[in-house]
Structure formats: C-alpha cells, structure tokens
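The values are calculated or read from the model by the stated rules, or taken from the named source; none is laboratory data. It should be emphasised that the depicted structure is a prediction, and the values quoted were computed from it without experimental measurement. Cβ placement follows ideal geometry from the backbone for every residue including glycine, while neighbour counts extend to all protein chains displayed.
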Amino acid sequence: MDLKKLYHCVVVADLGSFTRAATLLSVPQSVLSRQVRDVEQVIGQTLLHRTGRGTIPTEAGERMLPKLRALVSDWQRLQEEGRELHGPPSGLIRLGMLTSLGPVLLTPLLNLACDRLPGVRIHVLEGLTDHLDEMLVSGRLDVSLLYSSRQVPSPTDEALLQTELWLVGAAGDPVTKTGEIPFAELAGLPLTLPAPPNRMRHLIDQICHERGVRLNVTTVLDALGTLKDIAASGRTYTILPPHFFAADIAVGRLQAARIVAPAIPRTVLLASSAQGSMARAKSEVMHLIREVTAALILSGELPGRSLLAVRHRPRAVGSP
C-alpha cells in the first residue's frame, strides 16, 4: 500500500469532496480519483460513494475509514519522530500548569524555552489537578505539573517540589503575625475556602475529621485569585500554598502563618502523557521545567523544598 495514496483517500473522505481535497493537497482531481480507486482495489471494498455534491462513505467505508485514519496518524507520527532525530527538537508541546504555580514558574520557563528551544512551541493550559490530570490521561496534554493526589498515579511521575499550606490574612493581621499557627486554632477564624471536591479542601477536611476540628467556613469560592483578594480585605482568612502568595507578601499586601500541629505538606509532580509524539521535544521541555524549578527554589522565589534528583542540579536561569 502506498501511504501517500492512503493519506489522500482519507483527506477526500474527511472533506467529503474531491474538489476541496484537490485544492488542499494541490493534486489534480483526476489523480485523486485514481488514487482512491487504487486504495479501494487493494482493500477489496468500495469506500466512498460518489454523488453530485461530493462523496459519502459506503457501509464498508464507515467501518474501514477509522482504521485507515489510525494508519495515517501512525505514519505521520513516525515521520515526526524521524525528523526529530536529525536536527534540533521541534513541534508543539501542550503543557498543563497548576494555577497556583503559574505566576512564579511560567515567565522564566517560557523565556528560557525561547532561548534554548526555538523550534518548540508551547501551549500552556492553567488549571487544577483534577482537570489537568484528566487531560493528561486522555492525551490532550503532553506534560503537566500536578499535585500528588492523582486519580491514577503513574510510575513515571517525578516528585518536583514539596510545599505546605499556610493561613493567609491581611497585612498587619495579629493572628498571622506570629508566623505559625496550630491547626486547632483555625476553628475560631472566619475562612474562605474552595468548595469540595477541590483536592486542597478535601485534604483540609480530612484533617478536621481526624482531629475533631470544626472550621468556620463563611464563604465558599473556587477562584484562587479572589481568595487572595478577600484575605487582603481583612474580612476573612484563607489557606493557600506559599508560592501562590509570595509576591503579595513581598509588596506588603498579605501576611501568612505556616499551619503546624499538624503541618499540611503537598507534593508537586512533573508528569507526562504516554500518548502523543514529539518525544524529544517533550523530554527537553521537562528538562527545562526541572532546571527552572530548582533555580527558583535556590533563589527563594519559589518557597518549598526541592525533591529533584541530584542529576537535575540547576544551571542559572538564562545561562546557555
């Protein structure tokens, strides 16, 4: 089977027209018609019914065309991987980014990618762990940063960063001024938290159940940015990881105390999809994520403890 003919046959079927397919492929209609007949002859079935308005799949076509599309897709993927072996990495990488990490990590990461990987395009989608996890498993993301509470953990997941949850209030607030607060003392405070089944909220509720603590959640809100705004107003407190409010602390907008007895640790994972191609580009983007994360932790711009293996020691961000 000539794979080029097979590809042209699939394009005709998808567009439902020899005329449109000829324009898209820059191939004469007579050549396309002959190529489709050749494919049908090899398969032994008529795949497309010609009408005055174009083409529609026959009953055999309805059954066979999905398999032919898969063959074409595999062929194109092999071509992409072959091109990757010769020359610099290239292609589109779909990156999932935790909303809480984006403000700290994305700018240095994307700037470094522009310098190091000019042939790689990165499409970033921000979200929460559940949404990003679902998209990663389905193949709609190539790489993602997630919290460790995945639905189905993968043996290829890498622990990237360990952080803890903090109580966040307005600047000058006496409760958070001490720098630490026992979990039991949260019970007397007005809180604004995300609604279940948010993973952070689930973790907090689980500790409440274990410790017999009843929180005073006066407002339920799923917009992380607005959680900080309400805390800054001084009306209620919220609970967040420190990398999400570090910039607000630096400018004197918020104040925070680490929750202790118990502390509430959270691990950020670097995960990749088993689906899709662009293996080399994906590997290079993951390397940059490790490098930038380690450098930001070292500089103090990303609060937390690095969980990276020794082989991922950082170079300075922006170095060649």
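Remarks
- Which listed residue is over 21 Å from Gly96 (Cα atoms) and assigned to a helix (DSSP H, G or I), from His209, His243: His209
- Criterion violated by Asp133 - all others in (1) part of a strand (DSSP E or B); (2) assigned by TED's automatic domain parsing to the domain that holds Ser306 satisfied: (1)
- With respect to the conditions (1) surrounded by fewer than 20 Cβ atoms within 10 Å (Cβ to Cβ); (2) of a type outside the set (Gly, Ala, Ser); (3) touching a residue at least 60 places away in the same chain (Cβ under 8 Å); (4) not in a helix (DSSP H, G or I), Arg235 lacks only one, and its number is (3).
- If you filter the range 2-21 down to residues that are charged (D, E, K, R) and part of a helix (DSSP H, G or I), you find that the one that is modelled with the highest pLDDT is Lys5.
- Of the residues Leu25, Leu71, Leu65, Leu6, the single one that is under 30 Å from Ala279 (Cα atoms) and touching a His at 6+ places or on another chain (Cβ under 8 Å) is Leu25.
- Among residues of the range 158-198, those that are out of contact with any strand residue (DSSP E or B) (no Cβ under 6 Å at 6 or more places or on another chain) and crowded, with 17+ Cβ neighbours inside 10 Å, counted: 4
- Checked against (1) in contact with a Leu (Cβ under 8 Å, 6 or more places away or on another chain); (2) at pLDDT 90 or above; (3) more than 19 Å from Glu291 (Cα to Cα), Arg150 passes all but a single condition, namely (2).
- Tabulated pairs, the range 78-92, first hydroxyl-bearing (Ser, Thr, Tyr), second surrounded by fewer than 16 Cβ atoms within 10 Å (Cβ to Cβ) and at pLDDT 75 or above, C-beta under 7 angstrom, 6+ apart or interchain: Ser90/Gly119
- Residues of the range 121-138 that are surrounded by fewer than 16 Cβ atoms within 10 Å (Cβ to Cβ) and among the aliphatic types (A, V, I, L, M): Val124, Leu125.
- From the options Leu145, Leu109, Leu125, residue that is out of contact with any His (no Cβ under 7 Å at 6 or more places or on another chain), within 21 Å of His202 (Cα to Cα) and touching a residue at least 24 places away in the same chain (Cβ under 8 Å): Leu145
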